[in-house]
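K.L.:
Could you have a look at this structure, given as structure tokens, before my questions?
The values are calculated or read from the model by the stated rules, or taken from the named source; none is laboratory data. All figures in this text were calculated on a predicted structure; none of them were measured in a lab. We place every Cβ from the backbone using ideal geometry, glycine too, and count neighbours over all the protein chains shown.
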Amino acid sequence: MKKVKIAFWALVVAFLGLIVYQNQEFFLFRNRIGFNLGVIEPYTSPAIYNAVLFLGCFVVGFLLAYFSSLFDRFRANKIVRQLNATIEAQKKQIDSLTSELAQAKAHLPGNDAPLDVAATPPAEGRQARL
């Protein structure tokens, strides 16, 4: 699959290169951009290649997309940290309940092992923890 992705992107880059090569006259043509806001005097930029204009628009769009998703990624990382903390707390609870169950099984009737009352919490305490 990795080779297919590399081949796909190579074809895309080659196709874009072909488009630029066949349209060199358009991309190397210089244009001036003018702004007339009506409040201040009109502004005309220096002559800019069309290729630079296309590249600038692409970079601005890429940066807008990146920064708009940045806050969502921060939120997702915070949620992941909270869920990992919940997982760790539940693992500790599972371990304590497993050891408690093992201790209770060891002290079933017919077993001669002594019951350690100090290590076993009262029944009300177990209900309060759930």
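K.L.:
In the stretch 20-47, which residues are surrounded by 10 or more Cβ atoms within 10 Å (Cβ to Cβ) and either part of a loop (DSSP other than H, G, I, E, B) or aliphatic (A, V, I, L, M) (or both)?
P.N.:
Val20, Asn23, Leu28, Phe29, Ile33, Asn36, Ser45, Ala47
K.L.:
Then there is this: Working carefully through the options Leu53, Leu16, Leu11, Leu63, find the one that is at negative phi, within 26 Å of the chain's Cα centre (by Cα), not aromatic (Phe, Trp, Tyr) and not in a loop (DSSP other than H, G, I, E, B).
P.N.:
Unique residue meeting the criteria: Leu63.
K.L.:
Look at the stretch 33-57 and say how many of its residues are modelled with pLDDT of 90 or more and not polar (S, T, N, Q).
P.N.:
Going through the stretch 33-57 one residue at a time, the tally reaches 11.
K.L.:
Can I ask one more? Confirm whether Leu108 is in a helix (DSSP H, G or I), out of contact with any Gly (no Cβ under 8 Å at 6 or more places or on another chain) and either of a type outside the set (Lys, Arg) or in contact (Cβ under 8 Å) with a residue 12 or more places away in the chain (or both).
P.N.:
no
K.L.:
Pairs under 7 Å by beta carbon, first residue touching a residue at least 12 places away in the same chain (Cβ under 8 Å) in the stretch 39-63, partner in a strand (DSSP E or B), six or more apart or different chains?
P.N.:
Every condition considered, the pairs that remain are Thr44/Gly34; Ala47/Arg30; Ala47/Asn31; Ile48/Arg30; Ile48/Asn31; Tyr49/Arg30; Asn50/Asn31.
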